[in-house]
Amino acid sequence: MTGAAESSVSGTDEHAPLAPGWTCDTCGADWPCAAKRSRLLAEYRADRAMLSVYLGSCLAAAAQDLPPSPGTCLQDRFIGWLPRNPRVS
Ligand SMILES: [Zn+2]
């Protein structure tokens, strides 16, 4: 794959979440960052239900770590970005 902002720095490019802030350990954005989202979509392309389960568990863990804040909805952040698939019944 050709990455737009590919860096040649070896080491972590896993875009893994850093608790307790739940920021990306690679790019520092709120997790799941854009890069992680596209990776997850590719990784779970054949099994979107499992992706929802995975993100749900991340959401539950983040809800324990992050203080409640009225301005942000964790569900939107962790799950709301998933493309809808209206053909799934
Ligand atoms: Zn990232």
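Within the stretch 58-81, restricting attention to residues that are within 18 Å of CYS33 (Cβ to Cβ) and surrounded by fewer than 14 Cβ atoms within 10 Å (Cβ to Cβ), which residue is modelled with the lowest pLDDT? So that I can check it myself, show each step before the final result.
Filtering the stretch 58-81 for residues within 18 Å of CYS33 (Cβ to Cβ) gives 58-59, 61-62, 65-66, 72-81.
Narrowing further to those that are surrounded by fewer than 14 Cβ atoms within 10 Å (Cβ to Cβ): 65, 72-73, 75-76, 80-81.
Working: ASP65: 94, THR72: 71, CYS73: 87, GLN75: 92, ASP76: 92, GLY80: 94, TRP81: 95.
Checking each candidate, the answer is THR72.
Would you say SER57 is in a helix (DSSP H, G or I), away from the ligand (no atom under 16 Å from the Cβ) and either out of contact with any helix residue (DSSP H, G or I) (no Cβ under 9 Å at 6 or more places or on another chain) or in contact (Cβ under 8 Å) with a residue 40 or more places away in the chain (or both)?
Values: in a helix (DSSP H, G or I): yes; away from the ligand (no atom under 16 Å from the Cβ): yes; either out of contact with any helix residue (DSSP H, G or I) (no Cβ under 9 Å at 6 or more places or on another chain) or in contact (Cβ under 8 Å) with a residue 40 or more places away in the chain (or both): yes.
Yes; evaluated as a whole, the condition is true for this residue.
Somewhere in the stretch 15-31, is a residue surrounded by 15 or more Cβ atoms within 10 Å (Cβ to Cβ), in a helix (DSSP H, G or I) and either under 12 Å from the mean Cα position of the chain (by Cα) or near the ligand (Cβ under 10 Å from one of its atoms) (or both)?
No, the stretch 15-31 contains no residue that is surrounded by 15 or more Cβ atoms within 10 Å (Cβ to Cβ), in a helix (DSSP H, G or I) and either under 12 Å from the mean Cα position of the chain (by Cα) or near the ligand (Cβ under 10 Å from one of its atoms) (or both).
For the stretch 60-79, how many residues meet the condition of being part of a loop (DSSP other than H, G, I, E, B) and either under 14 Å from PRO20 (Cβ atoms) or touching a Phe, Trp or Tyr at 6+ places or on another chain (Cβ under 6 Å) (or both)? Full working, then the answer.
Just the residues of the stretch 60-79 that are part of a loop (DSSP other than H, G, I, E, B), to begin with: 66-73.
Remaining after also requiring either under 14 Å from PRO20 (Cβ atoms) or touching a Phe, Trp or Tyr at 6+ places or on another chain (Cβ under 6 Å) (or both): 66-69.
The total comes to 4.
State which residue is surrounded by the most Cβ atoms within 10 Å (Cβ to Cβ) when the search covers only the stretch 35-54 and only residues that are within 15 Å of the ligand (Cβ to nearest atom) and closer than 14 Å to PRO83 by Cβ. Please lay out each step first, then the result.
Narrowing the stretch 35-54 to residues within 15 Å of the ligand (Cβ to nearest atom): 35-43.
Now narrow it down to the ones that are closer than 14 Å to PRO83 by Cβ: 37-38, 40-42.
Numbers: ARG37: 16, SER38: 13, LEU40: 18, LEU41: 14, ALA42: 9.
Here the answer is LEU40.
The values are calculated or read from the model by the stated rules, or taken from the named source; none is laboratory data. No experiment lies behind these values; they were computed from the predicted model shown. Glycine gets a Cβ as well: all are built from the backbone with ideal geometry, and neighbour counts include every protein chain shown.
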